[in-house]
Amino acid sequence: MSSSNGRLRVGLALGGGVARGLAHIGVISVLEEAGVPIDCVAGTSMGAIIGASYCAGLSVDELKANAARTGWWSVSRPLLSANGLVTFQRLERWVEDKIGEFDVRDLAIPFAAVASDLVTGERVVLWRGRLCTAIRASCSVPGFAPPVELDGHMLVDGGITDNIPADVARMLGADYVIGVDVFMPALRPFLGPLGQGIAAIETLVRHAGQGETECDCLIVPHMERRSYFHFAHYEQFIALGEEAARRRLPVILEALERAERAPAPPPFEAAPREFDHMLVGSRPTPTSPRPAPTPNIA
């Protein structure tokens, strides 16, 4: 689907990575500065938080200010439960306070969050309903935070099934997808066998869903051995995102310029397609005042 002026519609696929995901702010900052349009965003875990914030209308300066003021105590509390070690109920309140009380479909820029069904192992694309609940579900790492029960599903972190949701960005209408991967693995010899296990988990999550192969451009900040948990390092994470985006910026600009020089494509016509994912809630009827983000979502 192309925009009305013939340019490519650009979508972001923002991956998870806990505190590392603050690098997404740096990426968005560089893209904005270069005049690269952002027409839709699909996000997983921290990518969902940053993506939803931007799609709700927060500026880069506001994103940076939120990063500076937010830590674990802002979004979580210890939990004595067989389902998790912390509760993210405060995350929902944080989202409503910092972003606003939105239905996902009401954001200024089309957005979807990705979660996983803990029972079936299937990906769940959250494109409607309370934004704060969608974000909480996308961030709820199983074993660390309790699952979010929604419409009969036990939802947990989307990084299990689709860490870089490039095809979801395309479902939202993107022609050109820029993915951001902050899950770069690294061996930690000082941890012995545990370090090898952590590196293996990082690799599994990084490639979950194979979204990195579906991006037109993949931005990979150098995150080797960086902490996933130190939100106080937000300035470093944002700077790493900026550096990585600048390295890939010539590729992005050249692709967009080449598309503008090409003959105008034929008008977009919706065609039924099937995807190996599931959506929470039924698709709206033609009389619905707020249709699904794109008719391509099955």
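Summary table
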read-out: Qualifying residue in the range 252-261 (condition: more than 30 Å from residue 76 (Cβ to Cβ) and modelled with pLDDT under 60); value: no
read-out: Residue count for the range 149-173, restricted to those that are open to solvent by 10 Å² or more (accessible area, probe 1.4 Å), touching a Leu at 6+ places or on another chain (Cβ under 9 Å) and either in contact (Cβ under 8 Å) with a residue 24 or more places away in the chain or within 24 Å of residue 39 (Cα to Cα) (or both); value: 4
read-out: Residue check for residue 53: over 23 Å from residue 163 (Cα atoms), assigned to a helix (DSSP H, G or I) and hydroxyl-bearing (Ser, Thr, Tyr); value: no
read-out: Test: residue in the range 81-103 that is assigned to a loop (DSSP other than H, G, I, E, B), in contact with a strand residue (DSSP E or B) (Cβ under 9 Å, 6 or more places away or on another chain) and open to solvent by 20 Å² or more (accessible area, probe 1.4 Å); value: yes
read-out: Residues of the range 85-117 that turn out to be out of contact with any helix residue (DSSP H, G or I) (no Cβ under 6 Å at 6 or more places or on another chain), closer than 24 Å to residue 20 by Cβ and modelled with pLDDT of 95 or more, as a count; value: 0
read-out: Selected residue (criterion: farthest from residue 229 (Cα to Cα)) from residues of the range 120-148 that are in a loop (DSSP other than H, G, I, E, B) and under 14 Å from the mean Cα position of the chain (by Cα); value: 127
read-out: Any hit, the range 212-220, residues being charged (D, E, K, R), open to solvent by less than 60 Å² (accessible area, probe 1.4 Å) and not in a strand (DSSP E or B); value: yes
read-out: Within the range 191-211, tally of residues that are outside any helix (DSSP H, G or I) and either over 30 Å from residue 170 (Cα atoms) or without any contact (Cβ under 8 Å) to a residue 40 or more places away in the chain (or both); value: 1
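The values are calculated or read from the model by the stated rules, or taken from the named source; none is laboratory data. Just so we're clear, the structure is a prediction, and the values are computed from it rather than from any experiment. We place every Cβ from the backbone using ideal geometry, glycine too, and count neighbours over all the protein chains shown. Ligands, DNA and RNA are excluded from the accessible area calculation, which covers all protein heavy atoms including side chains. Shrake-Rupley method; radii C 1.70, N 1.55, O 1.52, S 1.80 Å.
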